[in-house]
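Following: one structure in structure tokens, then a few remarks.
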Amino acid sequence: MDLSEKDAGYTVTLAIPDIARLADEELAPFARFRDGRWTAQTKALLAQFSTTKLDLNRGWASTREHWTCPCCKRGKAHIARVSSGGVLLCRLEYHHDHLADRAKRIFREHRPHGEDRETIIQVGRAENALMLLVERFEQTLICIDCNLAEGRAKLELAKEIDSDFTFTPAEIASFIGVKPNRFHEVDLEKAKAAWLLAREDVADRLDFTRRMAQRIASGRHRRQVAAGERLVSYLQDRDIVYDLFQRASPDKRHFGLANTIEARSTSYDSAGNSPKPKRKPRGDAPTEAEFAEIDRRNQEHKPWVLAGNNWSCPCCDRSKREICRKSNRGLWTAHIHRVCEFEPEENDDRLWRRRTHATSQIIIGSHANRLVCQDCRNIIAEVKRRTPGLTENNLTIDNVRLLAGAATPHVPHDVDWENAIMLALGNRPLIDAIDDYYEHRANAFDAAREVKELMEIGWPKQKARDVLGYEYAKANDIDLDEGDAHIDWLLDEAERHTNMDRLGM
């Protein structure tokens, strides 16, 4: 794409390549210090492990080829490993301190309710500033196996350690056994010792958080807020150049080059850790009369009715008739259940805004209820039962589809439970993303509620929005225009999510 703009003293000519069409060797200059499915190292790893399937995420793509994990000290060539399903796993995950999540909840509990707008700004500023004193470590990129090891240690010690405790990268290093291209071994005694050493510090930080939240809510530690916009930093060449480039664009938009490069870099082939199990022998099918009776009984269950006559399970592809099977007592059973499925955010503007506060690489944009059969729902329930600490969201629809394998009509699924638990543990970034998603929804609904409450006391809608924009800008030390834009976006998000909820999504 060639763009140009002439003005009284300069000419800007842009030659923007079509990133999506560049050959792999031509892409490297546009993604210096980055990695992806297009690099020579990735191609060499695929050849080394004799596979064409690749699961390479944003964390891996955003770092250089010679990056090393801060916990296990392995380089990428020794982190990559092949699942027994034949997929090369190239995954790095963001590891953050869940103590900060607890601190946010404590501040929320002590946040004063009322019309004192200055207090709202002061509390917001103090909360942002104090997070650095509460967290035991800053968000850190670590390899998938260190992330899995930390999750396994916390689950095994769930009855002994604080639920919001997170092992630091240095603590993870103290209890893992490391081998190239393999899962880490976890020494639970050493993990427990790391927790015992940190326990007093964790309690002290939480106590500090509670005391500071109370003091700030009561009006102490106030810091005068400068009127108007914040001071702008010195102008840099890159600011001028980017502004000229953007003005030369016909629609005055962002170019989207970074998103395109990311799409070229990542790969999300199925990352199951084992091949699908063999098909079990087919079970007894109900007669026409028996199925009619099953259908009649299930009219009392809303999911069965909502599914309709042509439904098939999104996980195992079986129809209503095919999910019918006899219990151990010889009675026919067939049920359909709701399962929540979370969809990734694909809107560029929403992605950009959400990533500024996200704790996970995954950004969820919406959710919807899916109707699955009793046997697929049982996979989720059984993994949760076998591994205390996991939730029903630890397995995705795709995970269950993989675990169900070549599903057989009229019989329960034959499941590799060890593989199921490993898949669930590996979805920890998804759980963080779900938490981010629901917090975002709450923030959007809070903004809409505040505008409504201000309007109920006689304020025009525009004035209410302006006040919220000013508060957000001052609480987060950003430009006033950006504060207004953020509130407008939150109000749009509140409307979008409200409409989703009305549609039953």
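To two decimal places, what compactness ratio does the chain give when its Cα radius of gyration is scaled by 2.2 N^0.38 Å?
Output field value: 1.13.
Where does each of 193-200, 412-419, 76-83 land if you order them by average Cβ count within 10 Å, highest first?
Taking the mean over residues of other Cβ atoms within 10 Å, the ranking is 76-83, 412-419, 193-200.
What order do you get for MET212, MET500, MET422 when you list them from fewest to most C-beta neighbours inside 10 Å?
Placing the least packed residue first, the sequence is MET500, MET422, MET212.
Quick check: the angle from helix 288-297's long axis to the longest principal axis of the chain, C-alpha only, nearest 10 degrees?
40
Under a straight-distance cross-link criterion of Cα-Cα below 20 Å, which aspartates and glutamates are reachable from LYS73, leaving out those fewer than 8 residues away in the same chain?
ASP35, GLU65, GLU93, GLU138, ASP145, GLU150, GLU171, GLU185, ASP187
Between 0 and 90 degrees, rounded to the nearest ten: what's the tilt of helix 461-476 against the longest Cα principal axis of the chain?
90
More than 27 Å apart: what percent of Cα pairs in region 92-225 qualify?
Of all Cα-Cα pairs in region 92-225, 32 percent lie more than 27 Å apart.
How large, in Å, is region 385-500 by the Kirkwood hydrodynamic radius built from its alpha-carbon pairs?
For region 385-500, inverting the mean 1/r across all distinct Cα pairs yields 17.6 Å.
Mind pulling the angle between the C-alpha long axis of helix 417-426 and the longest principal axis of the chain? Nearest 10 degrees, somewhere in 0 to 90.
Value to nearest ten degrees: 10.
Expected output is a single nm value to one decimal: the length gained when fully extending between CYS340 and ASN128, i.e. 0.36 nm times separation in residues minus the C-alpha distance. What is it?
Length gained between CYS340 and ASN128: 73.1 nm.
Kindly flag which residue pairs out of LYS53/LYS76; LYS320/LYS384; LYS104/LYS452; LYS154/LYS474; LYS302/LYS384 have an alpha-carbon separation exceeding 28 Å in this structure.
Going by Cα-Cα distance, LYS154/LYS474 fall outside the 28 Å limit.
Quick one: divide the alpha-carbon radius of gyration of region 288-426 by 2.2 N^0.38 Å and tell me what you get.
1.21
Taking the Cα centre of region 288-426 as the origin, how large is its charge dipole in debye, to the nearest 20, when only Lys and Arg (+1) and Asp and Glu (-1) carry charge on their Cβ atoms?
Roughly 420 debye for region 288-426.
Dipole magnitude of the chain about its Cα centre, charges +1 at Lys/Arg Cβ and -1 at Asp/Glu Cβ only, in debye to the nearest 20?
1540
Beta carbons within 10 angstrom, averaged per residue: use that to sort the peptides 260-266, 97-103, 235-241, highest first.
Order by mean packing, descending: 97-103, 260-266, 235-241.
Please compute the modelled spin-label separation between THR51 and ASP164, points set 7 Å along Cα→Cβ, answer in nm with one decimal.
3.8
Using the alpha-carbon centroid of each, what span in Å lies between region 33-57 and region 189-227?
Cα centres, region 33-57 to region 189-227: 43 Å.
Computed from the coordinates by the stated procedures, all read-outs in this text should not be read as laboratory data. Keep in mind the model is a prediction, meaning the values are calculated, not measured. No Cβ is skipped: glycine too gets one built from the backbone with ideal geometry, and neighbour counts run over all protein chains shown.
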